[in-house]
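**Student:** Got a structure for you, written out below as structure tokens; questions coming shortly.
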Amino acid sequence: MIRRLALAALLVMAAGEKHSGYQDASPETRAMQDDDASNPGFLWVQQGETLWHQRVGSTERSCEDCHGAAPVTMRGVATRYPQFDARIGRPITLAQRIEQCRIDRQGATPLPPDSEPMLGLSAYVGLQSRGLPMAVPVDGPARPFYQAGKTLFNLRQGQFNLSCAQCHDDLAGQRLAGSIIPQGHPNGYPEYRLEWQGLGSLERRIRNCTTGVRAEPFAVDSLELVELELYLGARANGLAVETPAVRP
Amino acid sequence: MVRVLLNIPKHVKRGEAFDVKLLISHPMESGQRRDDMGQPIPRDIINSFVCTYNDEEVLRADLFPAIAANPFLSFAVTVQESGTLTMTFTDDHGVVQTETASVTVE
């Protein structure tokens, strides 16, 4: 009886307190993330670092030519995305910001979302914020988009008629088949998933969930996807960035 | 050329074992899977790995299809003098890649 009560208390604690998906991963997966020499995400970081220094596009400029040394200038940047962009009047993700820079400032060809170089650059920029708390701003112009994201998070979707909240708020810490349902915090993207055997974006992860409940996934560059990411980001505010995280 | 992350300690002590950690970006396609059209995907794995130190072989390994993508290899090496660690691996396409690292003995 006592043991059962203790177990129940443990479950409530696991589900209740806000924590990173790192806590829900197995010791082996955590060990993989803890050592940069064994974290496969660093293969992409290495590629991103090369791209940071590479001159591209019609302007023949590299990221470094404008932004300087990434460890200094990109520190903390990833904690604030998705971020409202006043010029286009909507929030954009970090990858979309990189894309914007490439097209407008470098005069380079766009990188497809989820392409290897884009994942590399995002991981390299994301890494510079590792250990800093997520701090996605939701006040001012971002507010309506945050609200829209919150609505999407609570919206029942697909043939299973499930919302994000039903699993990741209400049932987090419990099991779906053999795996623990994480709280769904996006503090380690782009992340290496053992399931994917590769690095992937938050968009890809959301597509996984959407098709999982048999709903139609959001279009790749749709505003809804960014709104949902904005809500998820703000929901994780305070958690340390872990990019590139390793997850099952 | 595939991407490789090679990690060894900056300084090592004479006669004391140190860890060599190697992460190779490779799909390690098992040959057991089929693509969307039902056609078999040909096997493509790194099948052999050799590590030498100053031309003396310290480790030789055969790799098999049950190894996940982006394999991580870790092993201990003991050396008596400074020198060069050379790692060579071959995949099913016959592509041979060599990585080197210099080791400084204190």
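**Student:** Tell me which helices (runs of 4 or more DSSP H) are completely within the range A:73-185 and hold 1 or more residues being more than 21 Å from A:H53 (Cα to Cα), or say none if there are none.
**Tutor:** Filter on the range A:73-185 gives A:143-153.
**Student:** Say whether the condition of being loosely packed, with under 15 Cβ neighbours inside 10 Å, in contact with a strand residue (DSSP E or B) (Cβ under 6 Å, 6 or more places away or on another chain), more than 14 Å from every other protein chain (Cβ to nearest Cβ) and modelled with pLDDT of 95 or more is met by at least one residue in the range A:89-111.
**Tutor:** No: the range A:89-111 contains no residue that is loosely packed, with under 15 Cβ neighbours inside 10 Å, in contact with a strand residue (DSSP E or B) (Cβ under 6 Å, 6 or more places away or on another chain), more than 14 Å from every other protein chain (Cβ to nearest Cβ) and modelled with pLDDT of 95 or more.
**Student:** I need a count of the residues in the range A:40-56 that are in contact with a helix residue (DSSP H, G or I) (Cβ under 7 Å, 6 or more places away or on another chain), within 20 Å of B:A68 (Cα to Cα) and within 8 Å of chain B (Cβ to nearest Cβ).
**Tutor:** Adding up the residues that qualify gives 0.
**Student:** In addition: What are the residues in the range A:199-229 that are in contact (Cβ under 8 Å) with a residue 24 or more places away in the chain, farther than 16 Å from A:H168 by Cα and either over 10 Å from the mean Cα position of the chain (by Cα) or surrounded by fewer than 22 Cβ atoms within 10 Å (Cβ to Cβ) (or both), if any?
**Tutor:** Scanning the range A:199-229 gives A:L199, A:G200, A:R204, A:R214, A:A215, A:E216, A:V220, A:D221, A:L223, A:E224, A:V226, A:E227.
**Student:** Do we have any residue at all in the range B:43-59 that's loosely packed, with under 13 Cβ neighbours inside 10 Å and of a type in the set (A, V, I, L, M)?
**Tutor:** Within the range B:43-59, not a single residue is loosely packed, with under 13 Cβ neighbours inside 10 Å and of a type in the set (A, V, I, L, M).
**Student:** Please give the strands (runs of 3 or more DSSP E) falling wholly within chain B in which 1 or more residues are away from chain A (no Cβ under 13 Å), under 25 Å from A:F42 (Cβ atoms) and not β-branched (V, I, T).
**Tutor:** Hits in chain B: B:46-53, B:56-62, B:72-77, B:83-91, B:96-105.
**Student:** In the list B:D55, B:D62, which residue meets the criterion of being of a type outside the set (A, V, I, L, M) and at pLDDT below 95?
**Tutor:** Matching residue, one of B:D55, B:D62: B:D55.
**Student:** Restricting to the range A:51-70, name every residue that is in a loop (DSSP other than H, G, I, E, B), at negative phi and touching a Lys or Arg at 6+ places or on another chain (Cβ under 9 Å).
**Tutor:** Those that are in a loop (DSSP other than H, G, I, E, B), at negative phi and touching a Lys or Arg at 6+ places or on another chain (Cβ under 9 Å): A:R55, A:T59, A:S62.
**Student:** Considering only residues that are among the polar types (S, T, N, Q) and within 14 Å of A:R80 (Cβ to Cβ), which ones fall in the range A:123-150?
**Tutor:** Answer for the range A:123-150, where residues must be among the polar types (S, T, N, Q) and within 14 Å of A:R80 (Cβ to Cβ): A:Q128, A:S129.
The values are calculated or read from the model by the stated rules, or taken from the named source; none is laboratory data. Just so it is clear, the model here is predicted, and its values are computed rather than measured. Because the Cβ atoms are built from the backbone with ideal geometry, glycine has one as well, and the counts that use them run over all protein chains shown.
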